[in-house]
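In what follows, a single structure is set out as structure tokens and then discussed.
The values are calculated or read from the model by the stated rules, or taken from the named source; none is laboratory data. Computed from a prediction, not measured in an experiment: that's the story for all the values here. Cβ atoms come from the backbone with ideal geometry, glycine included; neighbour counts cover every protein chain shown.
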Amino acid sequence: MIEKKQFYINGKWVAPAEGRDHSVINPSTEEPCAVISLGGQADTDAAVAAAKAALPGWMATPVEERITLLENLLAVYMDRAEDLAQAMTVAMGAPIDMSRTSQVGAGSYHLKNFIRAAKAYEWEHPFDNRTDGARIIHEAVGVCALITPWNWPMNQVTLKVGAALVAGNTMVLKPSEESPLDAIVFAELMDEAGFPPGVFNLVNGDGVGVGSQLSAHTDVDMVSFTGSTRAGKLISKSAADTLKRVHLELGGKGANLIFADADEKAVKRGVLHVMENSGQSCNAPTRMMVEAAAYDRVVEEATAMAQKIQVGPADQSGRHIGPVVNESQWNKIQDLIQTGIDDGARLIAGGVGRPEGLNKGFYVRPTVFADVTPDMTIANEEIFGPVLSIMKFESEDDAVRVANDTPYGLTNYVQSADPARRNRLARQLRSGMVEMNGMSRGNGAPFGGMKMSGNGREGGHYGIHDFVEIKSVSGWTEDETA
């Protein structure tokens, strides 16, 4: 049994002031794999006080030095990649090969992009060439509370910490109590990289406790949260009394518009994207909307693809998917699959219950529904499991209407050989991101949504921009000694 009860505050590992034990459950076995402490108000206050005390010195640190420390972090991150992978596999159930590549790789990818973006970022510049002495300064927001989820742990930790650090902010990280072990390793990396005491602090806790305390704290200037829309609303309300900045990356219900002229890998690509990480991705294209002329063919292809997907323990090597994170999520997914059946959707792959041969662990059968209609629950609610809904549309206008008829607006997808159509749809689809024909977004491209999917952007230049305040100065002199 792993025991990690200390918090990282002001450059030291310290015992909790108000800790209570919390068992971390291995979702592959349903057995405890670690014990951590969940902090209380005194722990939150200590971490925030350390961050506040460190803020003036860190803000005054030249950006070149901050970038160098971020480069140090990237180096030690790569040295400890296997430790990070093992931590994510045991606590949140990502298969070990995926943890080593996609889960760990997401963190190094973002750190590299922040280093590159920070070197090119205009931290100070003239306002324009018409106003003498007018200058714009980009400076840190202040003390930031970073609240991260369990599904892509290092992806979200590095997106927040990397941007906040290089922009001159100090911070308190509260990772998900479902997947805290990787964040504890990350805190060790921050210490090894040489960041000054108080710049980065880690307190474990749950949303009701440390999460709420950070959101309401008078000395916290910004909250950056990734998680459920329900929790995002609560954080916004809690933060309102202190008028702190709130950055939210929330749920999604992405539409994947497949036209009859889509490429031959479009369906396979869509199914695999939904099933990746056991369906636990906010940007998953869970509504596969298909042009009528191609509908029957797509249903056959999706069925065949889903039936090929293997499910197995996270510690085993291979291309299978693992369990979902916990019993609560498993029960929710099972209820929604049953709701889809009860509402009349046609079950063409998977279904309720565990996959054959897996009697213990939070495993879900890769599930596909056809003939889903816009009024059905599974077409509207984020399931957060390996469940795909296939819908038919008759016209492009019909597809846009249904795709946009959702409270969410994170990522939508288009598969078509017609470039004019793709460009039209990219403008018409109401989401923070539109991905077309399987092409990845560029390095450092902004990630984020609109509507109930949140606000703000993460990654690269845009991610840094969300962690700065814009200061307008008049009467500036270019005298270097000033």
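Filtering region 382-398 to residues that are in a loop (DSSP other than H, G, I, E, B) and crowded, with 18+ Cβ neighbours inside 10 Å leaves Glu382, Ile383, Phe384, Gly385, Pro386.
Looking across region 18-44, the residues that are under 12 Å from Val210 (Cβ atoms) and either without any contact (Cβ under 8 Å) to a residue 60 or more places away in the chain or hydroxyl-bearing (Ser, Thr, Tyr) (or both) come down to Glu18, Gly19, Arg20, Ser37, Ala42, Thr44. Set side by side, the residues Ala91, Ala134 differ, and just one is in contact with a strand residue (DSSP E or B) (Cβ under 7 Å, 6 or more places away or on another chain), farther than 23 Å from Phe447 by Cβ and surrounded by 24 or more Cβ atoms within 10 Å (Cβ to Cβ), which is Ala91.
Taking the criterion of being buried (at least 22 other Cβ atoms within 10 Å of the Cβ) and assigned to a helix (DSSP H, G or I), the residues of region 336-371 that qualify are Ile337, Gly340.
Would you tally the residues in region 247-303 being among the charged types (D, E, K, R), buried (at least 24 other Cβ atoms within 10 Å of the Cβ) and out of contact with any Phe, Trp or Tyr (no Cβ under 8 Å at 6 or more places or on another chain)? Qualifying residue count, region 247-303: 1. Taken together, the criteria exclude Ala420 from residues that are more than 20 Å from the chain's Cα centre (by Cα) and closer than 29 Å to Ile378 by Cα. Of all the listed residues (Gly198, Gly211), the sole one being outside any loop (DSSP other than H, G, I, E, B) and within 26 Å of Asp241 (Cα to Cα) is Gly211. A Cβ distance below 6 Å, combined with a sequence gap of six or more or placement on separate chains, defines the contacts here; from region 104-133, residues that are assigned by TED's automatic domain parsing to the domain that holds Met190 reach residues that are surrounded by 12 or more Cβ atoms within 10 Å (Cβ to Cβ) and polar (S, T, N, Q) in the pairs Ala106/Asn155; Gly107/Thr158; His110/Thr158; Leu111/Thr158; Asn113/Asn443. All of (1) surrounded by 22 or more Cβ atoms within 10 Å (Cβ to Cβ); (2) more than 24 Å from the chain's Cα centre (by Cα); (3) not hydrophobic (A, V, I, L, M, F, W, C) hold for Gln316 with one exception: (1).
If a residue has to be within 13 Å of Leu202 (Cα to Cα) and either without any contact (Cβ under 8 Å) to a residue 40 or more places away in the chain or surrounded by fewer than 20 Cβ atoms within 10 Å (Cβ to Cβ) (or both) to count, how many in region 7-17 make the cut? Spell out the reasoning first.
Residues of region 7-17 within 13 Å of Leu202 (Cα to Cα): 7-16.
Subset that is either without any contact (Cβ under 8 Å) to a residue 40 or more places away in the chain or surrounded by fewer than 20 Cβ atoms within 10 Å (Cβ to Cβ) (or both): 10-16.
Result for region 7-17: 7.
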